[in-house]
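Working notes for the structure below.
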Amino acid sequence: MVTLAFLGCAHIHTPGFINMIKKRTDVRVKSVWDHMAVRGQKRADDLGAKFTEDMKSILNDAEINGVVICSETDRHEAIILPTVAAKKNLFVEKPLGYKAADAQSSAAAVEKAGLIFQTGYFRRGDPALQFLKKHVDAGSFGKITRVRGSNCHSGALGGWFDSKPDSPADDWRWMADPKVSGCGAFGDLGTHMLDILLWIFGDVESATASISAGTGRYGDCDETGEGMLKFKNGAIGTLAAAWDDVADPVTFQISGTEGCAAVTKNGLFFQSKKAGFDGSQSVRTSEMPAAMPHAFELFLDALAGKKEVPLVTAKEAAYRSTVMEALYEGSKTGTWVKVK
């Protein structure tokens, strides 16, 4: 039996993770901590767990195999480092760090300790994106020239992050306060598709962006943006992310000298003579890999002893924070920023 604890319950995905846990018979949550007692107690009640105001009591509990960190982003490093020191395996909701520096220090500690780590990059499990990565690796596109990822929804239009004084446990307003979250829509949503772009196409040399407050519903917090990436392999990448879109009909594109592809709401278009696809019809589901479990489910599987679970490394997570910081800096200065 896997025994977990929650260290922070602030993130909007927390209820979803709780529902995943409830569906499993091999996982239980023993303890919950949050700096906001009313929020922590509600999640503890949801899980049939004990709420404690003493985080150290969780870290000192030998029965707890791993922790789930869903705190506000500016609290991540202060929770991650003692968790690593206590030798607890950990799931940290994205982004890993408030800034690149704390993401890197957290990742270094995790890697040195050799712990099981995972973060919330669930898009890697998408069958169409797995299919495209396979064909990029196989050279089906020839020399790749342009790529594009888009991850947009209507969160600001729908007031998802408005304050909820009557329901403090479900108040996600901090996510639209960059002083706490470290970013707005571009960092929050963009990090998912940035992960896919880096996962498939590798490291980047430099980045820039134009990031805007959009509707202004959340003051100076960014609600929309477009980024550009110069990949080390020569490809040019663009990244879109927003809380101001009514729909996101085309989420991924690849253009190369011998092939092209697009992931749309209607399916996957793929054309490559080398791979035997003429683009006359969408790629059939039977031709794609099976969907992988959600990133959080994969973490639970790894803790339960399943072998060769495809997890995101802490080093990868920190690199995404580093590239995202360069994108924000490029928007602020109107320049291309080298990625360290």
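Say whether the condition of being acidic (Asp, Glu), part of a helix (DSSP H, G or I), at pLDDT 95 or above and surrounded by fewer than 19 Cβ atoms within 10 Å (Cβ to Cβ) is met by at least one residue in region 129-138. Show your work before the answer.
Step one: list which residues in region 129-138 are acidic (Asp, Glu), which gives 137.
Adding the requirement that they be part of a helix (DSSP H, G or I) leaves 137.
Subset that is at pLDDT 95 or above: 137.
Filter once more, so that each one left must be surrounded by fewer than 19 Cβ atoms within 10 Å (Cβ to Cβ): 137.
Taking every residue of region 129-138 in turn, at least one turns out to be acidic (Asp, Glu), part of a helix (DSSP H, G or I), at pLDDT 95 or above and surrounded by fewer than 19 Cβ atoms within 10 Å (Cβ to Cβ).
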Test each condition in (1) acidic (Asp, Glu); (2) in the same structural domain as LEU194 (by TED's automatic domain parsing); (3) touching a helix residue (DSSP H, G or I) at 6+ places or on another chain (Cβ under 9 Å) for ASP278 and report the one that comes out false. (3)
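Pick out the one residue from GLU226, GLU297 that is under 30 Å from LYS23 (Cβ atoms) and outside the structural domain of ILE69 (by TED's automatic domain parsing).
Numbers: GLU226 fails: under 30 Å from LYS23 (Cβ atoms).
Exactly one residue qualifies, and that residue is GLU297.
Say whether the condition of being outside any helix (DSSP H, G or I), closer than 20 Å to CYS9 by Cα and more than 17 Å from the chain's Cα centre (by Cα) is met by at least one residue in region 173-186.
Step one: of region 173-186, the residues outside any helix (DSSP H, G or I) are 177, 182-184.
Within this subset, residues satisfying the condition of being closer than 20 Å to CYS9 by Cα are 177, 182-184.
Narrowing the set further to residues that are more than 17 Å from the chain's Cα centre (by Cα) leaves 177.
Taking every residue of region 173-186 in turn, at least one turns out to be outside any helix (DSSP H, G or I), closer than 20 Å to CYS9 by Cα and more than 17 Å from the chain's Cα centre (by Cα).
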Select from region 56-81 the residues that are in contact with a Leu (Cβ under 6 Å, 6 or more places away or on another chain) and in a helix (DSSP H, G or I) and list them in ascending order. ILE79
Out of all the residues in region 234-245, is one or more loosely packed, with under 14 Cβ neighbours inside 10 Å and either of a type outside the set (A, V, I, L, M, F, W, C) or free of Cβ contacts under 8 Å to residues at least 24 places away in the same chain (or both)? yes
Yes/no for ASP162 being within 21 Å of ARG146 (Cα to Cα) and within 23 Å of the chain's Cα centre (by Cα): no
Check SER321 against each of (1) in a helix (DSSP H, G or I); (2) polar (S, T, N, Q); (3) surrounded by fewer than 19 Cβ atoms within 10 Å (Cβ to Cβ); (4) within 23 Å of the chain's Cα centre (by Cα) and name the one condition it does not meet. (3)
When (1) among the aliphatic types (A, V, I, L, M); (2) surrounded by fewer than 21 Cβ atoms within 10 Å (Cβ to Cβ); (3) under 24 Å from THR145 (Cα atoms) are applied to LEU311, the one that fails is (3)
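Can you confirm whether GLY155 is on the phi < 0 side of the Ramachandran plot and either in the same structural domain as MET36 (by TED's automatic domain parsing) or in contact (Cβ under 8 Å) with a residue 24 or more places away in the chain (or both)?
yes
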What are the residues in region 1-41 that are within 13 Å of ALA169 (Cα to Cα) and assigned to a loop (DSSP other than H, G, I, E, B), if any? ALA10, HIS11, ILE12, HIS13, ASP34, HIS35, MET36
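Could you go through region 92-106 and let me know if any residue there is at positive phi and not small (Gly, Ala, Ser).
First pass over region 92-106, keeping only residues at positive phi: none.
The answer is no, given that none of the residues of region 92-106 is at positive phi and not small (Gly, Ala, Ser).
The values are calculated or read from the model by the stated rules, or taken from the named source; none is laboratory data. Values in this document were obtained by computation on a predicted structure and should not be read as measured data. With ideal geometry, Cβ positions are generated from the backbone for all residues, glycine too; neighbour counts draw on all protein chains shown.
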